[in-house]
Structures are given as structure tokens and as C-alpha cells.
Amino acid sequence: MDFDEVADELYAGDPAEFVPVRNQRAKEAKAAGEAALAERIRALRKPTLAATILNRRAGSPELAELARLGDDLRKAHSALAGAELRELTRRRQELVNRILRDERSMSDPVTREVEATLEAVVADPEVAALALAGRLSSGADSTGDQWLTSGFIPQPKRVKPAPEREKPATVSHLDDRRKAKREAAEKAEQERIAKAREEAEREQERLAEFNRLRREAADLAKACKQAEIDVSRAERRAEKATEKANDLRRRLADAELEEETANGETTAAQTVLDDLRAEADRIDEALKQF
């Protein structure tokens, strides 16, 4: 059983089957007497939804171009090539947007995690290598998680040495020298790998802080947008209330005018009535004289 074959099977398969298949392969490796391999397989982590989405795009030209852009951006940055940096940055955003459009059915949290992971593909060569291999286990927004899948820290492929022929005793000292050189080379390689791991950890911390700040900025932008919507709604309600108040004022003025007119007519009618009554009384008095 080969570790890479098992890893390819797991990360290319259905995430829902990841854990049972992983445990079964670890069990098979242990039964075959490969305890170390079984432990490596058991340490593989189930990919997040964002990681699964990008693992399925491992062979896409957009992802490959993003990885190349990362190298080009680093070179342009070192050369202080401003115009080239702007063009590469524009191209990077185009590719990220294209991938996000292709996966438009994602929820907002998953979309943010996929976008952050794509940015990390550009920023970090090791993340790019994992993405191109389809072996991401987590996304950039996974709190407390790590970028690298257990067992996937890039290791140089070692070529198995050809079987050594029996050498005369007179050249045994050459074997010692070759062995010493090989051990020194292996030690240097181990030191290089350890240094690469430390650099990767520092980059992960920096990226985690970047993502935290970006999430805070996104939350603030969202809150500002909501506040703008609330203000707009309040302004519309105030305008409607003002229109209603003005209409009521107009109606009140009309009613007051009608009241004043009615009062005047009432006064005039009362005067006429009083005059008619007085005249009627005078006539009654005159009739009494007969």
C-alpha cells in the first residue's frame, strides 16, 4: 500500500466517505504490518467544504495560473516593477472572481473561505503546491487549523540506491566517505525542511492575522451598509410623515375657513330672524288695537 495513492483516493472522493475510508485503509495497512503507514493514514484530516471545492478544481487552468501568478508577483515585487505588479494584481483578481462565479452556489462563509484560500495559493508556494495536487485539508479561514495536510509537508523524493556490488577491501574507505557525504546531505536536507516548516508556520500566522483583519473589515462594511439602509428607511418614513402632516394642516385650514364662513352665515341668518320676529311682534301689537 502506498501513502500517496491512499491520500489521492481520500481527497478525490466523497467527503462524507472520507473518515470511514481513511480508517479502513489505516486498518488494512496495520494488518499488513505497516504500522508507521497506518499512523500516517490515520492522521489525515477530513477536508473542509472550501478545501473540497478547491481540491476538485486541482487540474483547472485558473488554479494553475494563480499559482504561476504567485511566482510572478514575488519576482515583480523584488524588482519593484510597479506597472507589472498592478497588471498581475488585476489578473489575480480576475481569476479569483472567475472561480467564485463558477461556484456561485456557495454560502457567504464558504465563499469568503474559498476566496481567502485562493489568495493564499498566490501568496504561499506550499499552499499552491497542495492546491494543485488536490490535497488541501482546510481553508484560510479555519480557526486553529493548519494549511498542510498531515503527511503532506513537501519532501524531496529519495531515489533508492542501486544494490552495491561487493568491493575489495582496499576501497572500503571510499564507502565510508560516500556514507559520510550522504549523511551530511541528509542532515542538510532535514535542516532545510525544518526551516521551511518554520517559515510556513510564520506565514500561516501572518495569513491568519490578515484574514482576521479582513473579516473584521467585512463585518464593519456590512454594519455600515445596514446603517445606511436604516437611515434611508428612516428618511423615507420622515418624508411620508411630513407629507401627512402638511396634508392635515391644509385640511385643518380648509375646515377653519369653512367654520368661519358658517359662523358668518349663522350670524347673518340670526339677524334676519331677529328682525322678522320684531316685525311680527309689531304687527301683533297693531292687531290688538282693533
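So how many residues does the stretch 34-51 have that are under 18 Å from the mean Cα position of the chain (by Cα) and either open to solvent by less than 10 Å² (accessible area, probe 1.4 Å) or not β-branched (V, I, T) (or both)? Break it down into steps so the answer makes sense when it comes.
Residues of the stretch 34-51 that are under 18 Å from the mean Cα position of the chain (by Cα), as a first pass: 47-51.
Pick out the ones that are also either open to solvent by less than 10 Å² (accessible area, probe 1.4 Å) or not β-branched (V, I, T) (or both) and you get 47, 49-51.
Selection size over the stretch 34-51: 4.
Among the candidates E189, E239, E183, E228, which residue alone is surrounded by 10 or more Cβ atoms within 10 Å (Cβ to Cβ) and either at pLDDT 85 or above or under 30 Å from D108 (Cβ atoms) (or both)?
Sole residue among the options that is surrounded by 10 or more Cβ atoms within 10 Å (Cβ to Cβ) and either at pLDDT 85 or above or under 30 Å from D108 (Cβ atoms) (or both): E228.
Residues of the stretch 117-130 that are under 24 Å from D219 (Cβ atoms) and surrounded by fewer than 20 Cβ atoms within 10 Å (Cβ to Cβ): A123 alone. Looking at (1) within 22 Å of L136 (Cβ to Cβ); (2) exposed (fewer than 15 other Cβ atoms within 10 Å of the Cβ); (3) of a type outside the set (S, T, Y), which is the only condition A31 fails? Of (1) within 22 Å of L136 (Cβ to Cβ); (2) exposed (fewer than 15 other Cβ atoms within 10 Å of the Cβ); (3) of a type outside the set (S, T, Y), only one is false for A31: (1).
Of all residues in the stretch 41-60, none satisfies being aliphatic (A, V, I, L, M), farther than 22 Å from S137 by Cβ and part of a helix (DSSP H, G or I).
Looking at the stretch 73-108, which of the residues that are in a loop (DSSP other than H, G, I, E, B) and in contact (Cβ under 8 Å) with a residue 24 or more places away in the chain is most open to solvent (accessible area, probe 1.4 Å)?
E103
When residues in the stretch 192-225 are screened for being open to solvent by 100 Å² or more (accessible area, probe 1.4 Å) and more than 26 Å from A123 (Cα to Cα), 2 of them pass.
The values are calculated or read from the model by the stated rules, or taken from the named source; none is laboratory data. In this text, all values refer to a predicted model and were calculated from it rather than measured experimentally. Positions of Cβ are backbone-derived with ideal geometry, glycine not excepted, and every protein chain shown enters the neighbour counts. Ligands, DNA and RNA are excluded from the accessible area calculation, which covers all protein heavy atoms including side chains. Shrake-Rupley method; radii C 1.70, N 1.55, O 1.52, S 1.80 Å.
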